[in-house]
Amino acid sequence: MVSAESPVVAAARPLVLDLAHVTAASWAQVGGKAAHLGELLAAGLAVPPGFCITTDAYAQVADVAGLSERLAGPITAGQATALRERLLAAPIPSRVRAQVAAAYAGLGPDVPVAVRSSATAEDLPEASFAGQQDTSLNIVGTAALLEAVRSCWASLWTERAVSYRATAGIDQAAVRLAVVVQVMVDAQVAGVLFTADPVAGTRTRTVIDASPGLGEAVVSGAVNPDQFVVDTPTGRIVRQRLGDKRTAVRPVPGGGTRWQHRSPDTGPCLTPAQIGQLVALGVRVQEHYGAPQDLEWAIDASGALWLTQARPITTLFPLPEPVRPDRVYFCLSLAQGLVRPVTPMGISAVRVVASIGAHHMFGTPIGDARRGPAGIVTAGERLFVDITPALRSRAGRALVPRVLGVMEARSAVVLRGLFGDPTYAVERTAWWPFLRRAARLWMQFRIPLHLVQALASPAAARRRIRRVEAALAAMAEVPPGLTSAQRLAQVERLLRGVYPLVFTVVPVPAAGFAMLGVARLLAGRDLAPDDVHEVLRSLPHNVTTQMDLRLWALAVRIRVDAEAAAAVRDRTPGELADRYRRGALPAVLQEGVAEFLRAHGHHAVAEIDLGMPRWSDDPGYLFGVLAGYLRPAADPGLAPDARFARGERAAIAAVASVVDRVRRRSRLRATAVGFALGRVRALAGIRETHKDLLIRLFAAARAQLVLVGRELADRGLLDDPADIVYLDLVQAAAAVAGADLRPQVERRRAAYDRELRRRRVPRVLLSDGTEPEALRSPPAEGVGTLVGSPASAGTVTAPARVVLDPADAGLRPGEILVAPSTDPGWTPLFLTAGGLVMEMGGANSHGAVVAREYGIPAVVGVPDATALLATGEMITVDGAAGSVARVPPQR
């Protein structure tokens, strides 16, 4: 805990500073809270006077307590308790006691004070640490003050504070604590104020919670306060909810506080004038810091308003960049299965692809494709697309929610909820511009011809796709001896090939799904939703299921080879990956993984992000999946290959059953239905092929970037070759030309790492920060039941396994996988899962399709499933009803 600076310099510094002399530059000495209060005092705001006991004082006590040698490595709950007890038992050095006593006396004789923590990792822009350390109110007398300070120091090592820092990625050994001591405000009414709506995210609204007495009742959640939501620019109260305010915290003469139970009070505790004062205070503080703030305030008996604390609101999702008013943004990366952030290089790749797409679809000039079209923006290191033009178009309103309804159903619901907002009223009523663009696309890529060919001969369509695959393989071949600049040009050339690829391949599965629509129309009631689920099970020609079953077949071979099985069971995935790279695994395992990677090594978790390592770069995840496959299943009949075969037989039987029922009404119609469903089976499984080919292109592009990164590292322009992914294509070109962008890399890496900890990402985001989904009404389903979209029929009751990162899944055979979203990199887990619950997706999203093919019950589009369900909790998934029900524990 000793500072790296000279002990002589540290010893000469005062241990107590007047808040009026504290600035942002004092952060290391005074911590976040004190630094903010000192700034606000200097800005002329009404902050109660006081002083700060610096981190140097804490360091002295920590050294006396012997904490320094105990802070190596992670801190367990037991270790935290021991650290706390040591601090409580350690004597306070005489120099610390003397300076605290003198500063307290300077406030006046036995002045009541509040004692609060001010850690160096507190009130940060990305983590507020609110409520993690102790606060003591109405402390009177020097002896009581010193004990309150000691308790505050010790609270740095409560289990909740240690856990919070670990989650936020804060180095436990580097954190030090200062203590703020301020004159108590004898509050008649107090509370908190947010300069942006902390739930909906709206930056133009102020939210005030208020209750009589000290603010502790509001901050601790012990009272049902009044809440006022104010439109900040106009000062208009847009929503008012009056609480009963049954509890108040009051100071006790001589020190301490008491909790007072009050009669229900239905009148507002703030006047309109006081609300106006509070809004103005919030605006002033926010303008000072340039970011939304969370304030604590108090109004005393004279009516004076005091600011007792200010910290950034750290839970708000960042605004899209660049900021444009009155826009609606759809999270493109989330719809692709990425809850995690996207690397700068991954964002850059999507910009190139989107530039080519915008050119083909809307005639937009490409210009510098690396900068992307104006409609692609970023927020929170995620990709968003501006869909405002679609909302303001009659064609867009008709088509976009329908498309999302089968891909990302919840987003469709959210968008429809915006149709009544006059801000996004329809401006373009004509369908002709859309139809003209669609016709041009259809003719440019010969889509009608491809559709007809697929329907006439699925085998011919598959042969054409194989020719496309061969052409892409040739395109990915790179002559030797390219310069880094030429490699970057090759990356861009590969990315430019993505959009034409999509329109060349997608018509084939589209023809299959069109035939499903025809079959529904012709069969009517004889093709029920349950029949559709059966027909779509175990579809042939699906590259994702073929990949997963190939990995399962490898596991079967490993299981009967004692040496290979022991290696997978006894070693960690990281150790196995290292041995694989050295060629040191048992032969069955070494050769089997190599064969699998030759066919599927271009895949990855979060594979749509060009910056993510492919399985061929790091096969550790695959070894973890293989270890899961080797765990014994409760029912051997649930082996994935056997289950897939059963699904195929059930699908064929379902087609025959539907045709038989239709034949009772019309033989001609039955023939047409049989043809249509046959084409569904023959073509719909190819829906994964275009994504597989796209990822092959991405893998080829990434391979070139890796070589560029190595050269830049050799030239000293990057610290590590892998840092290339924290640059975009424009910056990478600048680095190749000689620019040292290592500081930029560090900033982007820090932002990426920070966003990795974010659990909630909005599906739809407005330009003022509002998340429309956060405003939804509470669900009407029964207590304990979550509702989403039906995805794969069937019912299963089993323990839930909440997985945020498939690399750490630990999924046991038969457990129900609960995930934010999935992409092909997740699907090896599906083989042994008993069921699937996803927060994202629709009936035709990737996870839903694969779940149907494996015959596991699945519900998708379940809001907040990973937060509401817990690992080990027994749940029942009804894939046909779209419900997830908690199972009460057996008594």
Please pick out the residue among Pro828, Pro799 that is touching a residue at least 60 places away in the same chain (Cβ under 8 Å), in contact with an Asp or Glu (Cβ under 7 Å, 6 or more places away or on another chain), farther than 19 Å from Tyr621 by Cβ and not in a loop (DSSP other than H, G, I, E, B).
Pro799
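Under the condition of being part of a loop (DSSP other than H, G, I, E, B) and at pLDDT below 90, which residue from segment 851-861 is nearest to Thr822 (Cα to Cα)?
In this case the residue turns out to be Gly861.
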Could you go through segment 570-590 and let me know if any residue there is assigned to a helix (DSSP H, G or I), under 20 Å from Ala639 (Cα atoms) and touching a Lys or Arg at 6+ places or on another chain (Cβ under 8 Å).
no
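Which residues, counting only those in segment 372-424, are of a type in the set (Phe, Trp, Tyr) and in contact with a Cys (Cβ under 7 Å, 6 or more places away or on another chain)?
Phe384
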Restrict the check to segment 394-415 and report whether at least one residue is hydroxyl-bearing (Ser, Thr, Tyr), in contact (Cβ under 8 Å) with a residue 12 or more places away in the chain, closer than 23 Å to Thr822 by Cβ and in contact with a strand residue (DSSP E or B) (Cβ under 9 Å, 6 or more places away or on another chain).
yes
Give the residues of segment 359-400 that are over 27 Å from the mean Cα position of the chain (by Cα), in a helix (DSSP H, G or I) and either closer than 23 Å to Leu694 by Cα or not hydrophobic (A, V, I, L, M, F, W, C) (or both), sorted by residue number.
His359, His360, Met361, Phe362, Ala369, Arg394, Gly396, Arg397
Check off (1) under 30 Å from Pro772 (Cα atoms); (2) surrounded by 16 or more Cβ atoms within 10 Å (Cβ to Cβ) for Ala430 and give me the number that stays unchecked.
(2)
Looking only at segment 866-875, decide whether some residue is assigned to a loop (DSSP other than H, G, I, E, B) and either buried (at least 24 other Cβ atoms within 10 Å of the Cβ) or without any contact (Cβ under 8 Å) to a residue 40 or more places away in the chain (or both).
no
Can we say Ala848 is in a helix (DSSP H, G or I) and not assigned by TED's automatic domain parsing to the domain that holds Val543?
yes
Of the listed residues (Pro320, Pro292), the one being in contact with a helix residue (DSSP H, G or I) (Cβ under 8 Å, 6 or more places away or on another chain) and over 22 Å from Leu804 (Cβ atoms) is Pro292
Of the criteria (1) under 27 Å from Asp386 (Cβ atoms); (2) more than 20 Å from the chain's Cα centre (by Cα); (3) in contact (Cβ under 8 Å) with a residue 24 or more places away in the chain, which one Gln744 fails:
(3)
Between a first residue in segment 416-444 that is of a type in the set (S, T, N, Q) and a second residue that is surrounded by fewer than 14 Cβ atoms within 10 Å (Cβ to Cβ), which pairs have beta carbons less than 7 Å apart while being 6 or more apart in sequence or on different chains?
Thr423/Asp326
Can you find even one residue in segment 40-55 that is in contact with a helix residue (DSSP H, G or I) (Cβ under 8 Å, 6 or more places away or on another chain) and modelled with pLDDT under 90?
no
What helices (runs of 4 or more DSSP H), lying completely within segment 478-523, carry at least 1 residues that are surrounded by 15 or more Cβ atoms within 10 Å (Cβ to Cβ) and touching a Ser or Thr at 6+ places or on another chain (Cβ under 7 Å)?
498-505
Of the residues that sit in segment 232-288 and are surrounded by 15 or more Cβ atoms within 10 Å (Cβ to Cβ) and among the hydroxyl-bearing types (Ser, Thr, Tyr), which one is modelled with the highest pLDDT?
Thr232
Looking at segment 545-588, which of its residues are among the small types (Gly, Ala, Ser) and closer than 20 Å to Ala599 by Cα?
Ala553, Ala555, Ala577, Gly583, Ala587
When residues of segment 701-730 are limited to those that are touching a Leu at 6+ places or on another chain (Cβ under 7 Å) and in contact (Cβ under 8 Å) with a residue 60 or more places away in the chain, the one nearest to Ala369 (Cα to Cα):
Leu729
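Kindly indicate whether Ile387 is modelled with pLDDT under 90 and under 25 Å from Thr343 (Cα atoms).
Working: modelled with pLDDT under 90: no; under 25 Å from Thr343 (Cα atoms): yes.
Answer is no for this residue.
Are there any strands (runs of 3 or more DSSP E) wholly within segment 231-344 with 3 or more residues that are closer than 27 Å to Ala24 by Cα, and if so which?
Numbers: elements: 236-241, 247-251, 257-261, 293-300, 305-312, 328-331.
Ranges flagged: 293-300, 305-312.
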Just to verify a result, which residue in segment 197-227, among those that are of a type in the set (A, V, I, L, M, F, W, C) and over 30 Å from the mean Cα position of the chain (by Cα), is surrounded by the fewest Cβ atoms within 10 Å (Cβ to Cβ)?
Ala222
Could you please give the count of residues in segment 146-161 that are of a type in the set (Val, Ile, Thr) and either modelled with pLDDT of 90 or more or buried (at least 19 other Cβ atoms within 10 Å of the Cβ) (or both)?
1
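The values are calculated or read from the model by the stated rules, or taken from the named source; none is laboratory data. Owing to the predicted nature of the structure, the values given are computational and were not obtained by experimental measurement. Positions of Cβ are generated from backbone atoms using ideal geometry, with glycine treated the same way; all protein chains shown enter the neighbour counts.
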